[in-house]
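Engineer: Mind looking over this structure? Questions follow.
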Amino acid sequence: MENREQANSKPVDFVNRVTTYIGIISSIFTLILGYLNYRNEQLIRDQKDRLDSLEFRLKERTTTLDESRERVARYNWVFGLFPALYDVNENKQTFTINLVKLALDDSEERQLFNGLKVSPDEKSQSLGQLGLISIIDPLVSTTMNDPKAELRKEAFGKLTAYKSSPEAIELVLQQFKPDQLSKLSPSGIINGLYFLKQTNRGVWRPQQVTEAQQLLVRLKANNPGPQTTELINDLSRFLTTANVSLF
């Protein structure tokens, strides 16, 4: 009887073991498949990130290349205008300078005309000076005369790029001449004085120092406010050192 029960229990134990093994193996396969799926998804994401990065760099290079082509095209166009820049007809010359300014950004046009100004050729020097004046003049006018504070501030920011330009100093001084002084607002006077006192001492011309000293006398005679008075005193001290550096 016992032998028969033992014999019957052996198949049951075998089945239970097989079932257990199958469950364990199934779990292992499930874990392996889950890991492989995770790795595949990770690889796909990594590959997508690399492709996106490559696409972004390609677009950047394409944009840079397009910008370079556009810049070269503008430079070639400006170069084609050079014969007209040296035309004896002043109206044509002025018109061409304005075309050049339209084609170049602020930095490019400043570099162009500064380069012409230091050229050994006298005609190029004259052209460079004329070009710089055409750039600086509207900045000075806006800085000292425009009724809108935001426009004055923007123009003054651009004007500071010409702190080493005698042309800029001269154009600002012209705004302080007797026939122009009455047209200036207190803000315009302050902007003009503030620009002059932060210019490069070494580029002042002797007659400009004299003109500046005369304008300070005129300003003092108008009973200026505290801020203007402080700037007048600052510029007066500045002119003393600028005057010394010229000789």
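Engineer: If you roll a 1.4 Å probe over the heavy atoms of the protein chains, what accessible area per residue do you get for segment 115-180, in Å²?
Structural biologist: 49 Å²
Engineer: Okay, moving on. If amide hydrogens are placed 1.01 Å from N in the peptide plane, which non-local residues have theirs closer than 5 Å to the one on Ser164?
Structural biologist: Those qualifying (amide H under 5 Å, at least 5 residues apart or on another chain) are Asn200.
Engineer: Right, here's the next one. Students often check this: by mean Cβ neighbours within 10 Å, which of 178-191, 33-46 ranks highest, and how do the rest follow?
Structural biologist: So the peptides 178-191, 33-46, ranked by packing, come out 178-191, 33-46.
Engineer: What are the ³J(HN,Hα) couplings of segment 98-113, residue after residue, when phi is run through the Karplus curve with 6.51, -1.76, 1.60 and θ = phi - 60°? Round to Hz, x for glycine and proline.
Structural biologist: Once rounded to whole Hz, the list reads 5, 5, 4, 5, 5, 7, 10, 7, 4, 5, 5, 5, 5, 5, 4, 6.
Engineer: Using θ = phi - 60° and the Karplus form 6.51 cos²θ - 1.76 cosθ + 1.60, what ³J(HN,Hα) does each residue of segment 193-199 get, whole Hz, x for Gly and Pro?
Structural biologist: Whole-Hz 3J(HN,Hα) from phi for segment 193-199: 5, 5, 5, 4, 6, 10, 6.
Engineer: Given R₀ = 41 Å, what would the calculated FRET efficiency be for Glu108 paired with Ala221, taking r from the Cβ atoms and rounding to 0.05?
Structural biologist: Given R0 = 41 Å and the Cβ-Cβ separation, E is 0.40.
Engineer: Something else: Please give me the summed charge of the neighbours of Arg110: other residues whose Cβ is under 13 Å from its Cβ, Lys and Arg +1, Asp and Glu -1.
Structural biologist: After counting each charged neighbour, the total is -1.
Engineer: Could you run the Karplus curve 6.51 cos²θ - 1.76 cosθ + 1.60 with θ = phi - 60° over segment 139-150 and give me ³J(HN,Hα) per residue in whole Hz, x for Gly and Pro?
Structural biologist: Per residue, the Karplus-derived 3J(HN,Hα) values read 5, 5, 4, 5, 4, 9, 10, 5, x, 8, 4, 5 Hz.
Engineer: Would you mind telling me the share, in percent, of accessible area of segment 170-247 contributed by carbon and sulfur at probe 1.4 angstrom?
Structural biologist: Whole-percent figure for carbon plus sulfur exposure: 51.
The values are calculated or read from the model by the stated rules, or taken from the named source; none is laboratory data. Keep in mind that this is a model prediction, so the values were computed, not measured. Every residue, glycine among them, receives a Cβ derived from its backbone with ideal geometry; neighbour counts consider all protein chains shown. Quick note on the areas: whole protein, heavy atoms, side chains included, nothing else; ligands and nucleic acids left out. Shrake-Rupley method; radii C 1.70, N 1.55, O 1.52, S 1.80 Å.
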